[in-house]
Amino acid sequence: MPNENEKSRFTSVSRRLIIYIVLTSTVITLVLTAVQLFRDYNMDLRGIDTQFQQIEKVHLLSISETLWTIDTEGLRIILEGLENLADVVHVSVIVNDKILASVGTDNIENTISQDFLLVHNDGETEIAIGHLHVTADLNTVYQRIFDRALIILFSNAIKTLLVVCAMAFIIHHIIIKDLKKITDFIKSQKLQGQYVPLELTRIGFSGHPNDELSILADAINSMQTELRMGLEAKDISEQKLRTLIDTLPDLVWLKDTNGVYIACNQKFERLRGAKQSDIVGKTDYDFSDREQADFYTSNDSEVIATGSLNRHETEVVYADDGHSELIEKIKTPMYSSDGELVGVLGVGRDITERKKLDEQVRHAKKMEAVGQLTGGIAHDFNNILAIVLGNLEILELKTDKSDERQDRIQKAKNGVKRGADIARKLLSFSRTDAEEVSILSINKFVENIEDLIAKSLTASIAVEIELAKDLWNVAIDPGDLVDALLNLSINARDAMPDGGALYIETANKTLDQEYIRRNPEGRVGDFVMISVSDTGIGMNEETREKVLDPFFTTKEPGKGTGLGLSMVYGFVQRSGGHLKIYSEVGKGTTFRLYLPRVNKTALQQHVEVLDERQLPTGSETVLVVDDEEELRDVAVFYLEELGYTTLVAEDGLQALEFLRDKPGIDLVFSDVVMPGGIDGYQVAKTVHEEQPSIKILLTSGFTKKKEEIRNSDDQYLVKLNSGMLDKPYNREELAFAVRDALSEDD
């Protein structure tokens with residue numbers, strides 16, 4: 001192959017300019033010469049034509065007279081004179097198609113000839129006596145043309161040579177010299193090196209400081225400056241991008257279409273246990289076993305083949321410290337600016353905590369669904385218990401006190417109360433809001449119920465309480481807290497059949513983002529922690545995952561409902577906190593309740609003891625509204641036993657019709673949840689608006705509706721809600737509730 005110098009010898013601008021000048025000059029010379037020669041040729045032809053005309057005008061008459069007089073000698077002299085004319089080579093006189101006289105040569109090629117008619121005029125008529133035939137030689141014309149062409153071409157060649165030499169000298173000094181300087185400057189430039197501007201000396205003969213080459217040099221300097229600035233900006237941008245990618249919590253890598261690594265971030269370096277320089281140029285087979293590498297390669301091939309995103313989850317182990325993460329890998333094709341596929345971009349996001357959070361959300365939704373289910377079950381259960389309890393009390397009233405059946409009735413009533421307690425626990429679990437929130441000091445509260453907790457345990461279990469100083473206050477339902485601590489204590493007791501120790505501790509805890517990252521069910525803030533620990537048998541992982549589910553129990557049939565810990569969970573959730581369980585088989589279990597701190601002073605805790613009072617009676621008219629006939633019958637019996645007059649309605653719509661048609665009703669005693677599209681709250685509101693003098697008492701065995709009304713903007717319904725009579729109720733509870741409702745001021 002020719003070297004660079006050989007290439008430049010054939011491709012230099014000066015050579016090409018000179019060649020172009022020579023070719024242009026030659027073409028122009030040839031064209032102009034051809035034009036000139038063509039013009040000269042036409043002029044020579046016109047000269048011959050002029051001679052022919054001169055012969056016709058000057059000599060034709062004398063030749064005719066000489067021929068008429070048959071003067072042969074005179075005719076020959078005239079013809080010789082004509083033959084001496086320029087370019088004329090043959091002249092002859094023809095009479096009757098025969099040559100009478102001839103001068104010159106008539107066998108020459110490239111001639112031009114003309115015939116002239118010879119006539120004799122006798123004064124009256126013209127008589128044709130012959131023809132004059134004149135031949136001119138074109139070869140002399142051609143020779144003259146050729147001689148002129150040689151002279152023109154030779155002179156133009158000399159002129160062109162002189163012009164070319166002058167132009168070569170001028171081009172070299174004005175253009176080529178500086179172009180070579182510009183070329184050498186561009187070749188020698190390194191954008192990363194020190195900046196040296198291009199300078200041309202453009203004065204005098206060589207040029208002007210503001211001519212095109214000087215402008216070109218300035219443009220090159222400006223371009224060099226802009227390129228350097230752009231390169232610096234690009235380097236800064238790449239560094240920022242690299243820093244951004246390196247600080248991402250995700251794995252980021254890029255492979256070409258052959259599966260070879262092109263780039264990666266620092267977290268990916270940790271995964272592979274190598275620097276980017278050691279990763280680039282290698283494939284998955286250099287870092288993973290064949291099966292795993294085949295899996296990665298297959299995903300890459302799918303992305304390349306389909307041109308679409310690929311997403312999958314996989315567990316990876318980091319080579320730097322050995323820890324593992326569950327990551328979601330997202331692979332997408334990468335294209336160049338012209339649309340060509342260049343590789344596969346991969347992003348790996350740690351979803352370990354997200355999966356835990358998803359599990360927490362799933363569990364929370366399950367508990368919410370179970371809560372709604374248990375709430376509905378408890379509602380129906382309460383209605384059944386109310387029917388049973390009411391009829392037992394009716395039997396009790398109609399049976400003599402000494403009758404041996406009274407004992408059976410009392411046992412049945414005790415069973416109903418146990419059922420009501422289970423229903424209460426179910427409703428407590430299904431509630432989302434606390435019933436009666438108070439500002440409490442947990443330490444004082446625990447001290448007040450310490451004896452109660454001790455009595456719930458066996459003598460073989462020691463109770464140790466450690467209360468933190470300056471413990472923060474909390475806003476919770478005191479009754480829920482009592483239930484929670486008693487349930488945890490009883491649960492601990494059952495886990496220590498051979499005795500042990502129960503530890504109750506309190507502490508202030510500030511939860512930060514790091515804690516929330518590990519425990520996504522919590523939230524950032526200040527909390528009061530109540531810890532209840534035992535030294536019992538502990539729980540395995542499977543039991544720990546189910547222990548909060550309603551009705552789940554490890555106890556023998558008949559020894560537990562499986563609702564105790566569900567109630568604890570519901571209480572903590574309603575209070576805005578969260579619950580953590582730590583357990584180890586054979587060593588024991590710890591329940592930690594985190595309750596949010598409030599910056600308010602705790603109220604003095606006390607227990608109200610109600611004095612026994614004689615059952616109040618009355619003579620007013622009460623409208624009993626309930627969709628279940630058995631419950632209506634019980635309520636009617638109680639009320640009539642207490643002296644009231646009763647009316648009954650099967651649903652809200654019938655109740656409103658009675659109220660409009662039957663005057664004299666003093667109190668509406670209505671169930672809340674009823675069919676027909678009108679519930680107890682709607683009945684109460686309509687009555688209050690149309691007949692505000694009529695009192696209202698509501699009853700229900702379902703807490704969900706009660707919770708919704710508690711946050712209502714309608715203060716009248718909120719007031720009714722607070723005085724609601726919970727099912728199942730006995731005669732005493734109904735007596736006091738009815739009298740309180742009738743005696744209430746408007």
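The values are calculated or read from the model by the stated rules, or taken from the named source; none is laboratory data. This one's a predicted model, so the numbers in the text were calculated from it and none came from an experiment. Heads up, the Cβs are rebuilt from the backbone with ideal geometry, glycines too, and the neighbour counts pull from every protein chain shown.
Tabulated data
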item: Residues of the stretch 32-53 satisfying the condition of being in contact (Cβ under 8 Å) with a residue 24 or more places away in the chain and of a type in the set (S, T, N, Q); result: Thr33, Gln36, Gln51
item: Residue among Asp178, Asp115, Asp137 that is surrounded by 15 or more Cβ atoms within 10 Å (Cβ to Cβ) and touching a His at 6+ places or on another chain (Cβ under 9 Å); result: Asp137
item: In the stretch 245-299, residue surrounded by the most Cβ atoms within 10 Å (Cβ to Cβ) [restricted to those that are small (Gly, Ala, Ser) and touching an Asp or Glu at 6+ places or on another chain (Cβ under 8 Å)]; result: Gly259
item: Selected residue (only one of Asp480, Asp451, Asp494 is without any contact (Cβ under 8 Å) to a residue 12 or more places away in the chain, assigned to a helix (DSSP H, G or I) and of a type outside the set (S, T, N, Q)); result: Asp451
item: Criterion: farther than 19 Å from Ile439 by Cα, acidic (Asp, Glu) and touching a Lys or Arg at 6+ places or on another chain (Cβ under 8 Å) - qualifying residue of Asp498, Asp494; result: Asp494
item: Looking only at the stretch 548-576, and only at residues there that are within 27 Å of Asp526 (Cα to Cα), outside any helix (DSSP H, G or I) and touching a helix residue (DSSP H, G or I) at 6+ places or on another chain (Cβ under 9 Å), the one that is modelled with the lowest pLDDT; result: Leu548
item: Any hit, the stretch 242-263, residues being in a helix (DSSP H, G or I) and in contact (Cβ under 8 Å) with a residue 24 or more places away in the chain; result: no
item: Residue that is surrounded by the fewest Cβ atoms within 10 Å (Cβ to Cβ) [pool: residues in the stretch 714-740 that are of a type in the set (A, V, I, L, M, F, W, C) and closer than 20 Å to Val673 by Cα]; result: Val718
item: Meets criteria (surrounded by fewer than 13 Cβ atoms within 10 Å (Cβ to Cβ) and of a type in the set (S, T, N, Q)) for Ser670; result: no
item: The stretch 295-320 - residue that is among the charged types (D, E, K, R) and either touching a residue at least 24 places away in the same chain (Cβ under 8 Å) or outside the structural domain of Tyr261 (by TED's automatic domain parsing) (or both) and, of those, farthest from Lys356 (Cα to Cα); result: Asp300
item: Out of Glu464, Glu514, Glu541, Glu505, sole residue that is over 30 Å from Lys355 (Cα atoms), assigned by TED's automatic domain parsing to the domain that holds Ser583, loosely packed, with under 14 Cβ neighbours inside 10 Å and not β-branched (Val, Ile, Thr); result: Glu464
item: Any hit, the stretch 502-512, residues being more than 23 Å from Glu450 (Cα to Cα) and either among the polar types (S, T, N, Q) or modelled with pLDDT under 85 (or both); result: yes
item: Wholly within the stretch 73-171, strands (runs of 3 or more DSSP E) carrying at least 1 residues that are of a type in the set (Asp, Glu), in contact (Cβ under 8 Å) with a residue 40 or more places away in the chain and at negative phi; result: 126-137
item: Verdict on Leu697 being touching a strand residue (DSSP E or B) at 6+ places or on another chain (Cβ under 9 Å), modelled with pLDDT of 85 or more and assigned to a helix (DSSP H, G or I); result: no
item: Residue that is surrounded by fewer than 19 Cβ atoms within 10 Å (Cβ to Cβ), of a type in the set (A, V, I, L, M) and modelled with pLDDT under 85, where the choices are Val524, Val585, Val609; result: Val609
